[in-house]
Amino acid sequence: MRAIDSAMLLPVLITLVLCGADALVRGGRRLPRRFMATTDLRSAEAIEDLSLGAPRERPEDDSYRTAGGILVERRVSAVEDEIGEVEALVDALDTNKGVLLASSYEYPGRYARWTLGFQNPMLSFTGRDRSFRIQAENRRGAVFLEMLHEVFSGETATVEELSDLHDNFFEGTIRQATGVFEEEERSKQPSLFSVVRILTRVFEHKGDAQLGLYGAFGYDLTFQFDPIELRKQRKDDQRDLVLFIPDEVLVIDSDRGDAWRVSYEFEVRPGLSTKGLPRDGPAQPYKGADAKEAAERDTAPGAFAKSVLRAKEEFKVGNLFEAVLSQTFRHPCPSPPSEVFRRLRRRNPAPYGFVINLGSAEYLVGASPEMFVRCERTGRGMRVETCPISGTIARGVDALEDAEMIKAILANPKEESELTMCTDVDRNDKSRICEPGSVRVIGRRQIEMYSRLIHTVDHVEGYLRKDFDALDAFLCHTWAVTVTGAPKKWAIQFVEDMEATPRRWYGGAVGLVGFDGGLNTGLTLRTVRISDGFAEIRAGATLLYDSEPEAEEAETELKASAIVDAVIRGDAPEKRAEAFAARPSGLAPDESLHTGIGKFVLLVDHQDSFVHTLANYLRQTGAKVVTVRAGEAVMERFEKIKGAAQAGRMEEVPDLVVLSPGPGTPADFEVGATIERCREIGLPIFGVCLGLQGIVEYFGGSLGVLNYPMHGKPSCVKRVTSDEESVVLRDLPDSFEVARYHSLHGLRDSLPEELRVTAETEDGCIMAIEHKTYPLAAVQFHPESILTKPRHGLRMLANTFSLVREGQEEKVKAKAKK
């Protein structure tokens with residue numbers, strides 16, 4: 001391994017390890033990068049055969065039958081001139097539909113170097129809102145249309161309308177989700193991803209990693225997962241999704257120094273196959289705009305800074321913790337997409353480089369630094385991982401200045417808060433669908449360096465529960481908090497309200513949905529959308545209450561500048577940035593926390609971005625947890641609970657009701673009504689953040705607004721009662737650090753007599769309360785955040801089951817019958 005400059009070893013908060021060698025050495029044994037599951041070199045358990053997104057190995061010639069009954073013949077041939085083949089494909093994508101995905105950035109345990117690509121796909125799937133189109137791109141694709149039309153005709157629970165079969169396409173509409181459902185099932189509701197599921201079932205085969213759906217996923221897809229109120233008109237040419245199914249894929253494994261081409265023939269039924277049909281497609285030459293055309297931006301200078309001020313108002317009252325706003329810069333693009341891609345690849349090597357010809361004179365060219373979601377099967381199960389990026393600073397002019405920049409960003413509390421919130425939200429996204437206890441931060445505030453920027457990055461993994469797959473993982477993360485904000489739903493609405501134009505592809509994803517069940521996608525960042533000869537570059541900034549408006553606007557301009565240069569200037573290549581690694585973190589299981597075994601928890605979701613992490617922690621106690629959105633859904637659930645209690649079906653009655661955190665005020669979610677329903681039946685209650693505020697108001701207390709919002713900030717909390725007087729804080733230290741995400745707080749002078757304060761901050765802000773007679777407790781802080789030590793957060797939640805008192809079932813049955 002190369003030595004690093006001593007300046008890099010100055011007192012920085014983490015150890016930076018240069019990742020420029022071809023292999024790592026541990027215990028005298030050389031380990032290829034792809035076998036590093038994490039950056040933790042301390043134990044053999046950290047080493048696992050992970051692909052890091054690269055092809056695992058060259059496949060063999062084979063024939064197999066897919067889950068949908070298609071007979072596939074796979075032929076693999078060696079590629080001798082891999083550079084020539086890649087460059088020829090890049091050129092071809094100027095005129096022909098297709099995809100090139102290229103990772104030119106390495107990071108132990110995270111990224112390897114590889115390339116996948118093709119032109120002239122046989123089938124395409126495009127969609128907008130709830131409408132979709134399946135199209136044969138050539139005669140080979142036409143072989144599938146009748147069979148696929150029959151398959152979709154049978155999907156009546158998902159497909160509302162289906163057109164007749166035309167010469168080379170058919171169209172349809174996906175049903176709207178109806179009724180109420182548990183939050184854990186949100187990703188299963190009808191959406192354009194239902195079409196992805198149908199196609200995946202038809203072509204599914206676990207033994208083929210190269211065949212799948214390649215392409216781009218637009219930002220507006222998130223509204224099918226969790227709708228908001230749209231404020232802006234979408235243009236007629238906007239598409240929310242474009243995916244291709246190829247029949248020939250070029251594969252380059254740069255780490256192994258191997259390259260091959262996989263070619264497929266398909267037999268849909270006897271006598272109907274692709275054999276002998278040409279691998280061609282329609283061609284449309286690129287026509288660039290005149291370089292003299294004026295450049296434009298969708299947000300006037302200074303207007304972005306004003307939007308930052310508006311965001312700070314939302315932070316102050318607790319409606320938002322953070323938000324990511326963006327603006328678009330538009331330039332004429334006389335250079336073809338191939339040349340823009342080559343400039344980006346030379347100047348800014350990235351783990352997710354791509355050039356995609358979407359058809360209709362629209363292209364995406366990018367060098368994205370951030371993974372969106374990656375899923376692959378391991379010996380333990382289906383692993384899902386993400387690498388949230390938040391925290392940005394400009395590169396120095398040399399390594400010494402880089403070191404100073406790294407020290408500055410790591411010592412900056414705003415940058416730490418940004419990444420903390422992003423990772424807390426990301427863990428929440430995974431906790432919706434992952435095994436309890438499997439969601440771990442395996443890399444914290446690690447440094448990644450690009451051509452002009454230095455980023456701080458976390459690395460998070462989880463293992464999917466058996467009822468969920470890679471598509472659930474994709475949907476539950478739409479879209480990453482690093483491009484939206486938190487709480488995510490409210491932040492997405494704020495983005496829609498404040499940005500000048502719809503995002504189209506920005507903040508979405510590009511990549512591969514594999515027919516083997518895997519998934520590898522990168523966020524659509526550092527991306528050029530080229531349409532009708534013009535290039536659009538969109539760049540955003542993560543905003544907090546601490547944000548300086550002019551600095552945030554300048555950050556978006558800095559981020560966009562490297563991409564604009566690739567469009568307008570053929571400058572000399574810049575020096576490739578190097579990557580760094582830091583220590584990981586984790587949590588060991590503790591059997592004394594398993595107090596929830598045999599218990600049923602109803603978690604009321606107040607649209608917060610940490611609800612599912614809270615559910616995850618509760619599940620780690622052994623409890624069964626069902627999450628229901630506040631409002632109509634939870635009121636309907638209480639009617640069912642009352643009926644079950646009256647009938648003696650106590651297995652349907654929760655032992656504990658947990659009131660989640662949330663934005664806004666308790667009145668926004670009618671928290672008082674929820675508490676009233678619990679008390680009518682006699683159910684114990686535990687509240688977190690907004691839950692505590694709702695409890696204070698329900699019993700007659702008042703709320704105040706902090707002078708300084710505490711969003712993603714640590715605070716020292718001290719206990720003011722003994723173990724005998726406190727259920728939730730029992731066995732915790734007299735003082736400990738917690739994560740706070742709130743602006744509202746309970747006013748001590750107004751606190752009702754029946755509520756006892758059990759913890760407070762050093763300046764007297766109420767942090768925990770318990771009822772003196774009723775089984776009810778609450779905390780103002782977030783026990784599930786990474787700023788609250790996991791052992792403390794889990795201990796508190798394990799302690800909440802002490803609220804479930806002896807004889808509770810009989811009391812609930814008796815109250816329900818009144």
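The values are calculated or read from the model by the stated rules, or taken from the named source; none is laboratory data. Keep in mind that this is a model prediction, so the values were computed, not measured. For neighbour counting, all protein chains shown are included, and Cβ atoms are generated from backbone atoms with ideal geometry for every residue, glycine included. Remember, those area values only see protein heavy atoms, side chains included, never the ligands or the DNA or RNA. Shrake-Rupley method; radii C 1.70, N 1.55, O 1.52, S 1.80 Å.
According to a simple spin-label model (label point 7 Å from Cα along Cα-to-Cβ), what is the distance in nm between Arg58 and Ser722?
7.5
Just to be sure I understand the model, the point goes 7 Å from the Cα along the line to the Cβ. What's the resulting Ala177 to Met147 distance in nm?
3.2
Just to verify a number: FRET efficiency for Arg310 and Ser561, C-beta to C-beta distance, R0 = 22 Å, to 0.05?
0.30
Using a 7 Å offset from Cα along Cα-Cβ at Ala647, what residues in segment 776-818 end up with backbone N under 15 Å from the label point?
Of the residues in segment 776-818, 817 have backbone N under 15 Å from the label point off Ala647.
Would you mind checking the tilt of helix 549-568 against the longest principal axis of the Cα atoms of the chain, expressed as 0 to 90 degrees and rounded to 10?
The angle comes out near 20 degrees.
With runs of 4+ DSSP H residues as the only contributors, calculate the mean residue ellipticity of the chain at 222 nm using -39,500 (n - 2.57) per run, divided by the residue total and rounded to the nearest 500.
Rounded to the nearest 500, it is -7500 deg cm²/dmol.
Please identify the GluC sites (Glu not before Pro) of segment 62-101 that satisfy two criteria: DSSP loop assignment and at most 11 other Cβ atoms within 10 Å. Which are they?
For GluC sites (Glu not before Pro) across segment 62-101 that sit outside H, G, I, E and B with at most 11 neighbouring Cβ atoms in 10 Å, the list reads Glu80.
Over the chain, give the accessible area per residue in Å² for a 1.4 Å probe, as an integer.
Using a 1.4 Å probe on heavy atoms only, each residue of the chain averages 37 Å².
State the antiparallel share, in %, of DSSP beta bridges confined to the chain, rounding to the nearest 5.
Antiparallel bridges make up about 90 percent of those DSSP assigns within the chain.
How large is the dipole of the chain about the Cα centre if only Lys and Arg carry +1 and Asp and Glu carry -1, each at its Cβ, rounded to the nearest 20 debye?
Computed charge dipole of the chain: roughly 860 debye.
Suppose every K and R has +1 on its Cβ and every D and E has -1 on its Cβ; what is the size of the dipole of segment 211-254 about the Cα centre, in Debye to the nearest 20?
Once rounded to the nearest 20, the dipole reads 320 debye.
For segment 730-789 and segment 620-693, compute the distance between their C-alpha centroids and round to whole Å.
Comparing the Cα centres of segment 730-789 and segment 620-693, I get a distance of 20 Å.
May I ask for the distance between the Cα centers of segment 219-272 and segment 446-502, given as a whole number of Å?
Spelled out, the Cα-based centre of one part sits 20 Å from the other.
Points 7 angstrom from Cα along the Cβ direction at Glu80 and Glu680: gap in nanometres?
8.0
Charges only on Cβ, +1 for Lys and Arg, -1 for Asp and Glu: so what's the dipole of segment 714-818 about the Cα centre, in debye to the nearest 20?
Magnitude of the dipole: close to 520 debye.
Starting from the Cα-Cα distance between Gln284 and Ala814, subtract it from 0.36 nm times their residue separation and give me the gain in nm to one decimal.
183.4 nm
How much of the calculated P(r) for the chain lies past 35 Å, in percent of all Cα pairs?
Result: 49 percent of Cα pairs exceed 35 Å.
Put +1 on the Cβ of every Lys and Arg and -1 on every Asp and Glu Cβ in segment 98-254; which of Leu162, Phe144, Phe223 then has its Cα farthest towards the positive end of the dipole?
After comparing all options, I get Phe223.
Could you calculate the contour length gain from Lys407 to Arg748, that is, 0.36 nm times the residue separation minus the distance between their Cα atoms, to one decimal place in nm?
118.7 nm
Residues of segment 112-139 with backbone nitrogen within less than 19 Å of a virtual label 7 Å along the Cα-to-Cβ line of Glu73, please, listed as ranges.
Zone members listed by number: 122, 139.
Taking the chain as the reference, fit the longest principal axis to its C-alpha atoms, fit the long axis of helix 82-92 to the helix C-alpha atoms, and give the angle between the two in degrees, 0 to 90, nearest 10.
90
Hand me the trypsin sites (Lys or Arg not before Pro) from segment 357-406 located in a DSSP loop with no more than 12 other Cβ atoms within 10 Å, in residue order please.
Arg380
Among Phe304, Ala539, Ile83, whose Cα projects farthest towards the positive end of the dipole of the chain, with charges put on the beta-carbon of Lys, Arg (+1) and Asp, Glu (-1)?
It is Ile83, whose Cα lies furthest towards the positive end.
Which FRET efficiency value, to the nearest 0.05, do you get for Val397 and Val626 by plugging their Cβ-Cβ distance into 1/(1 + (r/R0)^6) with R0 = 56 Å?
Efficiency, from the Cβ-Cβ distance: 0.50.
Could you check how much of the accessible area of the chain is carbon and sulfur, as a whole percent, using a 1.4 Å probe?
Carbon and sulfur atoms account for 48 percent of the accessible area of the chain.
Can you spot the lysines whose alpha carbon is less than 29 Å from Lys466's alpha carbon? Ignore those fewer than 8 places along the same chain.
Cross-link targets: Lys188, Lys206, Lys430, Lys488, Lys489, Lys599, Lys624, Lys640, Lys789.
Which of Ile769, Phe801, Gln780 sits farthest toward the positive end of the charge dipole of segment 701-818, with +1 on the Cβ of Lys and Arg and -1 on the Cβ of Asp and Glu?
Phe801
If packing is taken as the mean number of other Cβ atoms within 10 Å per residue, what is the order of 768-781, 730-743, highest first?
Sorting 768-781, 730-743 by mean packing, highest first, produces 768-781, 730-743.
Given a Förster distance of 30 angstrom, what is the FRET efficiency for Glu296 paired with Val317, based on the Cβ-Cβ distance and rounded to 0.05?
So, using R0 = 30 Å, E works out to roughly 0.30.
Angle, helix 790-799 long axis vs. longest principal axis of the chain, Cα atoms, 0 to 90°, nearest 10?
50
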